[in-house]
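Presented below is the structure to which this report refers.
The values are calculated or read from the model by the stated rules, or taken from the named source; none is laboratory data. This is a predicted model, so every value here is computed, not measured. All Cβ positions, glycine included, derive from the backbone under ideal geometry; neighbour counts span all protein chains shown.
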Amino acid sequence: MATGLSSQFLESLTLGQTILLFIFFIVASFVVDFTWQPRYPKSLPRLGSEDGYLGTIKNWFQYVTRFNNWVAEGTEKYGKHGRAFVVPAAPARPDEIVVPRSQTAWFLEQPDRVLSTKESHRDSLFNDYQFFGLDDQFPIQTIHKHLARNIISLLPTIQEEIHSAIEATLANVTEEEWTSINLWEFFLGIIPRITNAVLVGAPLCRDGEFLKNQVAFADDVVRNSFILMMVPSIFHPIVGPLVCLSNRLHWRKSYAVAKPFIKKRLDDMMKPENSDYKPPEDMLTWLIRQAKSDGLVAELNPVMLSKRLLPVEFAAIHTTVITAHSLLLDLLSSDPSQNCLAIIREETSRVFREENGNWTKRGLTSLHRTDSAIKESMRLSNFATALTHRKVIAPDGITNTVEGWHAPYGASLMLDLGNTHHDENLYPDPDKYDAFRFSRVREDYQASGGNRDPEEAIRIMRLGMVTTSDSFLPFSHGRHACPGRFFVAHELKMILAFLLDNFELRPLKERPKSFWLGGTIIPPVQIETEIRRRKK
Ligand code: HEM
């Protein structure tokens, strides 16, 4: 009866009425979204159009092109004077409260039960759809606990994988002729393989089909997060599963390849008669070991283990590809008078010789100029406006003890990375790629005898790229700072060392521009450069 009535109603509609109804439905769903979002106190200054329905709708449209500018404007007007401010967000996300740098300690010292990283990831990455409803805490905690602890013993594996991955990707590059390569494709060819040497080990880390689908999965997460945050939440139960069909497909394809390897590792580690078995040290082993010691039986099967890899594959691959790509663009377009490539090559090849061709932690951490060149690129060429977000999950909200404002349950708070990295009070000449900005300070200190006050000595020691602070945020800061950063630092140094020692690269006339989509850059993926094998 009801079906009959509704079909009669639909048949009676003219085209104009159908369009009007559709528009009404869309507007109503945006209004519902607006009503669901947390309300912030009027005392907090706002960027974008005025509050209210019309202003909010205007902000949603402008979010894609203006978010980054709003944060910059707010930081200039309020953040630099120690005041928090609000910037509009995409339709399905709460507006962001940007916490000023001077309040970083207050922000980071809040317990996870008040300001949650996990819930912020869950909402902004739409974990319920994209990661099949699985919480990302088990794999994240496993990486926190095991990666840094094992990194020294993994260095030979990482070195070998870097050398063979670069050789395989540049197999057709000769000494005689310059060959054109696409830099983005180059890094996409090597980084997933190197990353997976640490996540699943060989031979799976070299399997083209496995890697292709892990990269495709990471692409799905980025694209679908953007789609879902632009679509009103009321539609998510329909749109979410539909757009995330691609995630399921790519996971299935990668699982088809990985299953026999995961199953074998699981069998080898679980059989009581195998008590002497020493599994390779990689994330797969750590997940199994952790699940066994915590008695998490549900984790100990190939399907679950393969799904547990996904959040870390996502956290590791694109972040590193974008960082390495930006680094090379910055180096290749740097001021020729800085002689960046030659200086880095001199340092890396000298230390590599001293290490007798086997990188150690000591050798890698002594590459101060190379470290500085990477850190400076991460400072200057930030790929996101912010990488530290928290969701208020305390039922009564949180009160800021410095300014007195109150943020309710569901509010989103963030630290502004982009403008901190471009603040001239922190970094003189902030828009310049000054590759040896950080190593120069260290070298000057050492040249002066290195015996000035102890605080200065500590500051100099902490200038390396893995040390996070309230003025260097690409790996975030505090207890949820990236646990992969020690690996990344070693990896990028070894890549630069091998690349510069074995190949010559033609400089670029100028730094190719990236453009911003909301709070993230779209890198210039089309850029090519010429490369030639070095005559030895
Ligand atoms: C240049 C490359 C990388 C950058 C720029 C980067 C950046 C970050 C940032 C900013 C966070 C904090 C996110 C937040 O607070 O919401 C983070 C977290 C994380 N990263 Fe990385 N990352 C990189 C590479 C890696 C790699 C290679 C791995 C693993 C092998 C990794 C594993 C993780 C994990 C597990 C977390 C979650 C930590 C937590 O929530 O406690 N990352 N990363």
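Among the residues in segment 330-338, are any within 16 Å of the ligand (Cβ to nearest atom), out of contact with any Lys or Arg (no Cβ under 8 Å at 6 or more places or on another chain) and under 18 Å from L492 (Cα atoms)?
Looking through segment 330-338, at least one residue is within 16 Å of the ligand (Cβ to nearest atom), out of contact with any Lys or Arg (no Cβ under 8 Å at 6 or more places or on another chain) and under 18 Å from L492 (Cα atoms).
With the condition kept exactly as written, say whether any residue in segment 412-426 is within 23 Å of the chain's Cα centre (by Cα), over 29 Å from N339 (Cβ atoms) and of a type in the set (D, E, K, R).
Taking every residue of segment 412-426 in turn, at least one turns out to be within 23 Å of the chain's Cα centre (by Cα), over 29 Å from N339 (Cβ atoms) and of a type in the set (D, E, K, R).
Of the numbered conditions (1) within 25 Å of I158 (Cα to Cα); (2) within 8 Å of the ligand (Cβ to nearest atom), L496 satisfies every one except a single condition; which is it?
That leaves (2) as the condition not met.
Restricting attention to segment 445-486, which residues are of a type in the set (K, R) and either closer than 25 Å to T117 by Cα or within 16 Å of the ligand (Cβ to nearest atom) (or both)?
R479, R485
Mind telling me which of the residues E109, E119 ends up being more than 10 Å from the ligand (Cβ to nearest atom), touching a strand residue (DSSP E or B) at 6+ places or on another chain (Cβ under 7 Å) and farther than 25 Å from N196 by Cβ?
Sole residue among the options that is more than 10 Å from the ligand (Cβ to nearest atom), touching a strand residue (DSSP E or B) at 6+ places or on another chain (Cβ under 7 Å) and farther than 25 Å from N196 by Cβ: E119.
So, in segment 13-37, exactly how many residues are surrounded by fewer than 15 Cβ atoms within 10 Å (Cβ to Cβ), among the aromatic types (F, W, Y) and more than 24 Å from V99 (Cα to Cα)?
The qualifying residues number 3.
Taking only segment 129-139 into account, find how many residues are within 13 Å of the ligand (Cβ to nearest atom) and surrounded by fewer than 16 Cβ atoms within 10 Å (Cβ to Cβ).
Residues flagged as within 13 Å of the ligand (Cβ to nearest atom) and surrounded by fewer than 16 Cβ atoms within 10 Å (Cβ to Cβ) within segment 129-139 amount to 2.
Table: residues versus (1) more than 29 Å from the chain's Cα centre (by Cα); (2) within 16 Å of the ligand (Cβ to nearest atom); (3) over 27 Å from I152 (Cβ atoms); (4) without any contact (Cβ under 8 Å) to a residue 12 or more places away in the chain.
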position: L266; (1), (2), (3), (4): yes, no, no, no
position: L296; (1), (2), (3), (4): no, no, yes, no
position: F314; (1), (2), (3), (4): no, yes, no, no
position: T320; (1), (2), (3), (4): no, yes, no, no
position: T323; (1), (2), (3), (4): no, yes, no, no
position: L364; (1), (2), (3), (4): no, yes, no, no
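Could you tell me which of the residues H406, H318, H325 is crowded, with 23+ Cβ neighbours inside 10 Å and either out of contact with any helix residue (DSSP H, G or I) (no Cβ under 7 Å at 6 or more places or on another chain) or closer than 30 Å to Q526 by Cβ (or both)?
H325
Might you check whether a residue that is away from the ligand (no atom under 16 Å from the Cβ) and not charged (D, E, K, R) occurs anywhere in segment 374-385?
no
Which numbered condition trips up V86, out of (1) away from the ligand (no atom under 16 Å from the Cβ); (2) out of contact with any strand residue (DSSP E or B) (no Cβ under 6 Å at 6 or more places or on another chain); (3) not in a helix (DSSP H, G or I)?
(2)
Six or more apart or on different chains, Cβ atoms under 6 Å: show the pairs whose first residue is in segment 504-521 and closer than 29 Å to E177 by Cβ and whose second is of a type in the set (K, R).
Close Cβ pairs satisfying both conditions: E504/R532; E504/R534.
For segment 38-82, name all the residues that are crowded, with 16+ Cβ neighbours inside 10 Å and at positive phi.
G48
Take the residues in segment 140-158 that are under 17 Å from A489 (Cβ atoms), hydrophobic (A, V, I, L, M, F, W, C) and surrounded by 15 or more Cβ atoms within 10 Å (Cβ to Cβ); name whichever of them is nearest to the ligand (Cβ to nearest atom).
Checked segment 140-158; the qualifying residue nearest to the ligand (Cβ to nearest atom) is I143.
Residue-wise test of (1) closer than 18 Å to L134 by Cβ; (2) of a type outside the set (K, R); (3) at pLDDT below 95.
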| residue | (1), (2), (3) |
| --- | --- |
| R252 | yes, no, no |
| E281 | no, yes, no |
| L284 | yes, yes, no |
| P302 | yes, yes, no |
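If I filter segment 19-42 down to residues being charged (D, E, K, R) and assigned to a loop (DSSP other than H, G, I, E, B), which single residue comes out as nearest to the chain's Cα centre (by Cα)?
R39
Say we look at segment 43-72 and pick out the residues that are more than 28 Å from the chain's Cα centre (by Cα) and of a type in the set (G, A, S); which of these is modelled with the highest pLDDT?
Applying the filter and picking the extreme gives S43.
Here are some residues: K212, K259, K307. Which one is basic (K, R), over 30 Å from A28 (Cβ atoms), assigned to a helix (DSSP H, G or I) and within 16 Å of the ligand (Cβ to nearest atom)?
Every option except K307 fails the conditions.
Taking segment 226-256 on its own, how many of its residues are touching a residue at least 40 places away in the same chain (Cβ under 8 Å), in a helix (DSSP H, G or I) and among the β-branched types (V, I, T)?
2
Out of (1) without any contact (Cβ under 8 Å) to a residue 60 or more places away in the chain; (2) over 30 Å from E530 (Cβ atoms); (3) among the small types (G, A, S), the odd one out for S337 is which?
With (1) without any contact (Cβ under 8 Å) to a residue 60 or more places away in the chain; (2) over 30 Å from E530 (Cβ atoms); (3) among the small types (G, A, S) applied to S337, the lone miss is (2).
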